[in-house]
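Worksheet for the structure shown next.
The values are calculated or read from the model by the stated rules, or taken from the named source; none is laboratory data. Remember, predicted model here, so these are calculated numbers, not experimental data. Backbone-built Cβ (ideal geometry, glycine too); neighbour counts: all protein chains shown.
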Amino acid sequence: MLLLLLVSGCVGRQPGLSSSADITDRFEVAWAPWNEAHVKDIPAYVEHLDFRPVRKVRNLDRYDREIWLKARMPFSGGAVLELPVYMLGRVDVWFRMADGSLLHDRSGTWYPYVERRQKHAGIAFPLPGDGSAKELLMRIRTGAPVNFTALLWDSESWQDHIFARKVWYGLFFGGMLALFLYNLFFAFSLKDTSFLFYVAYMACLALSVMLYSGLAEEYFWPTGKTISLVLLVAALGSFFGVGFVNRFLGVQARYPRLYWLSTLVAGTGVLLGTGITLQLSFLDQPFIVPLMHLIFVLGPSYYLGISFYSYFKGVRQARFLVLGMSTLLASLFVYFLFTYGYVAYSSHVYHVLEVGLLVDALLLSLALSDRIKFLTEEKQRLDRKYAEMQKQFAREMIRIEEQEKKKHASILHDSVGHGLLVIRQQLDDFLRRHGDETSAAPIAAMQKQCSEVMNEVRSLSHELHPHILSKLGLKTALMAVFKRSFQHRNISWMADIADDLGLPASVETAIYRIAQEAISNALKYAEASEFYFSLTRNDEGVEVEIKDDGKGFAQEQEPRGLGLKMMEGHVRLLAGAFQLRSEMGEGTVIRFSIPC
């Protein structure tokens with residue numbers, strides 16, 4: 001709207017006929033049957049018509065009649081007469097000259113553009129240059145409402161007017177094309193049909209403006225056309241608009257009856273538009289055209305109503321739909337008031353629908369961007385929820401695993417260990433009562449084996465369920481397992497473990513189990529002479545580093561064993577990051593972090 005004000009303001013400051021002169025009140029109007037007059041009889045025929053003065057704001061449309069207008073000259077020669085009215089079908093003009101001859105000119109959507117003396121997308125006629133015309137006669141044949149307005153331009157102001165018009169439509173179609181390509185990219189990249197409906201809707205909007213502004217005749221059909229596509233394209237735009245809103249707001253899932261009703265009404269509009277386009281004889285045009293206009297108004301009304309309702313029901317991304325559809329409905333309302341003769345012509349009113357369409361397209365594009373934002377936020381929320389569920393699942397899995405290990409540790413300690421103790425006591429008792437030199441050595445060997453097995457069972461029981469971990473904490477438990485594992489072996493070790501870690505039980509258990517497995521690998525496979533363990537806490541969680549100087553292995557050639565997979569599995573269950581680096585002869589380094 002600001003652009004139109006600037007353009008009209010620039011044109012309005014021209015010298016002479018500063019912008020345009022409204023000469024509507026110089027005309028008189030009459031109606032006559034279709035195609036009754038012949039060209040050679042026009043002056044005499046017009047004399048018998050009942051002419052009446054044209055009021056400033058008046059709908060001259062009569063679907064069953066031709067519209068005849070006449071005005072007395074003189075008008076200044078070299079000026080241009082413009083009728084700023086949408087979609088006039090056939091407009092013929094005769095200038096009655098001083099010598100009685102007639103000078104004929106014609107324009108309108110049904111006449112070839114190349115035959116127009118004034119090359120203009122709208123309806124415009126150059127006035128005879130010598131000023132010898134005495135009277136102007138005009139015949140309008142159309143099926144659309146006619147809010148008749150006549151503007152007179154001098155040549156300089158007319159050129160300014162044409163320039164401003166080209167600037168406006170250049171900006172309009174340029175903006176629509178940018179929005180079209182922008183959302184088409186998202187339609188294919190996101191695979192969201194909402195964007196496809198929007199792109200189709202925008203294409204129909206832009207094509208509708210191209211058709212009713214007369215630009216289509218100038219660029220697409222300069223030599224003439226056989227059918228009018230205006231109502232069909234507008235109906236398709238309404239259909240795709242309904243589809244966009246329904247898909248965007250999820251109407252089919254929330255309100256299935258409303259979804260099918262809106263689709264049926266929009267589809268009816270497409271069928272009627274197709275029928276009018278194909279000029280089917282059984283369609284009564286005086287009834288169908290207003291019905292089509294009603295459907296066009298119902299479309300934005302439905303958009304606005306369902307958008308308001310959805311917004312109040314908590315669908316926040318409907319806010320830009322509310323703004324966009326409010327703008328479109330307001331511009332449509334003003335457009336129809338102008339079309340049906342309730343509002344007088346002005347440059348702003350004449351372009352109000354185009355402004356509304358452009359603003360609507362922009363706001364709907366913002367609505368789609370808003371949708372991406374909300375979908376991103378929803379995905380982040382679900383990711384956080386999934387991560388929390390994953391952590392909860394990991395904690396539960398570790399708890400269940402530890403319970404099982406505790407149960408088996410108890411069985412080993414209480415049942416197997418107690419049974420071995422009983423066997424050893426029985427051997428002691430047998431040796432004391434019945435022992436001699438022959439049986440003493442075998443019984444002593446069995447006693448020793450029982451003691452060794454009991455120690456292994458006790459060690460295995462402690463490994464399965466480290467009571468010290470739950471009683472004295474992670475640091476003490478780790479230091480104990482390091483001492484127990486390395487004290488009788490030629491391996492130097494160092495542990496750097498922070499105090500007051502404050503870790504969840506599931507994380508402590510995971511670190512303890514990983515440390516056990518790392519020690520086992522260093523002792524059994526690595527042939528290491530040095531072992532290093534580091535455990536630190538930061539704001540995000542805990543970080544662990546385990547190193548040995550053993551023989552290492554080639555990662556790309558040797559698949560990870562069960563122990564390494566167990567380590568990584570513990571870390572992944574707790575949503576942590578695990579890293580392993582090893583090379584032949586270079587030892588092994590394990591680093592992992594767990595958020596907590």
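Scanning the stretch 192-213 turns up one or more residues that are in contact with an Asp or Glu (Cβ under 6 Å, 6 or more places away or on another chain), closer than 18 Å to LEU329 by Cα, at pLDDT 85 or above and of a type in the set (A, V, I, L, M).
Scanning for something more than 19 Å from ARG591 (Cα to Cα), assigned by TED's automatic domain parsing to the domain that holds CYS596 and of a type in the set (Ser, Thr, Tyr), does the stretch 499-511 turn up at least one residue? Steps first, please.
Going through the stretch 499-511, the residues more than 19 Å from ARG591 (Cα to Cα) turn out to be 499-500, 502, 504-505.
From what is left, the residues that are assigned by TED's automatic domain parsing to the domain that holds CYS596 are 499-500, 502, 504-505.
Keeping just the survivors that are of a type in the set (Ser, Thr, Tyr) gives none.
Scanning the stretch 499-511, I find no residue that is more than 19 Å from ARG591 (Cα to Cα), assigned by TED's automatic domain parsing to the domain that holds CYS596 and of a type in the set (Ser, Thr, Tyr), so the answer is no.
Within the stretch 36-60, the set of residues being exposed (fewer than 13 other Cβ atoms within 10 Å of the Cβ), modelled with pLDDT of 80 or more and aliphatic (A, V, I, L, M) comprises ALA44 only. The helices (runs of 4 or more DSSP H) found wholly in the stretch 187-251 and carrying at least 3 residues that are surrounded by fewer than 23 Cβ atoms within 10 Å (Cβ to Cβ) and without any contact (Cβ under 8 Å) to a residue 40 or more places away in the chain occupy 193-212.
Of the residues TYR512, TYR532, the single one that is under 22 Å from LYS391 (Cα atoms) and of a type in the set (Phe, Trp, Tyr) is TYR512. Test ILE295 against the stated conditions and say whether it is over 30 Å from SER19 (Cβ atoms), buried (at least 16 other Cβ atoms within 10 Å of the Cβ) and β-branched (Val, Ile, Thr). So ILE295 passes the test.
Residue-by-condition table, conditions (1) free of Cβ contacts under 8 Å to residues at least 40 places away in the same chain; (2) out of contact with any Leu (no Cβ under 8 Å at 6 or more places or on another chain):
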residue: ARG117; (1), (2): yes, yes
residue: GLY122; (1), (2): no, no
residue: PHE125; (1), (2): no, no
residue: ALA133; (1), (2): no, no
residue: ARG141; (1), (2): no, yes
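Residues in the stretch 307-355 that are small (Gly, Ala, Ser), in contact (Cβ under 8 Å) with a residue 60 or more places away in the chain and part of a helix (DSSP H, G or I): how many?
Quick first cut of the stretch 307-355, residues small (Gly, Ala, Ser) only: 307, 310, 314, 318, 324, 326, 330-331, 341, 344, 346-347.
Retained after the next criterion (residues that are in contact (Cβ under 8 Å) with a residue 60 or more places away in the chain): 307, 310, 318, 341, 344, 347.
Next cut, part of a helix (DSSP H, G or I) only: 307, 310, 318, 347.
Selection size over the stretch 307-355: 4.
SER369 - would you say it is more than 30 Å from ALA144 (Cα to Cα), surrounded by fewer than 16 Cβ atoms within 10 Å (Cβ to Cβ), of a type outside the set (D, E, K, R) and not assigned by TED's automatic domain parsing to the domain that holds GLY122? Yes; evaluated as a whole, the condition is true for this residue. Inspection of the stretch 225-243 identifies at least one residue that is in contact with a Pro (Cβ under 9 Å, 6 or more places away or on another chain), within 30 Å of PRO112 (Cβ to Cβ) and not hydroxyl-bearing (Ser, Thr, Tyr).
Does SER326 meet the test of being surrounded by fewer than 23 Cβ atoms within 10 Å (Cβ to Cβ) and over 30 Å from ILE23 (Cβ atoms)? Here the answer is yes, as SER326 does meet what is asked. When restricted to residues that are modelled with pLDDT under 85 and out of contact with any Phe, Trp or Tyr (no Cβ under 6 Å at 6 or more places or on another chain), the stretch 173-187 contains 0.
Within the stretch 95-113, is there a residue that is over 51 Å from the mean Cα position of the chain (by Cα) and either acidic (Asp, Glu) or in the same structural domain as SER213 (by TED's automatic domain parsing) (or both)? Among the residues of the stretch 95-113, at least one is over 51 Å from the mean Cα position of the chain (by Cα) and either acidic (Asp, Glu) or in the same structural domain as SER213 (by TED's automatic domain parsing) (or both), which makes the answer yes.
Restricting attention to the stretch 452-459, does a residue exist that is outside the structural domain of HIS570 (by TED's automatic domain parsing) and modelled with pLDDT of 70 or more? The answer is yes, given that some residue of the stretch 452-459 is outside the structural domain of HIS570 (by TED's automatic domain parsing) and modelled with pLDDT of 70 or more.
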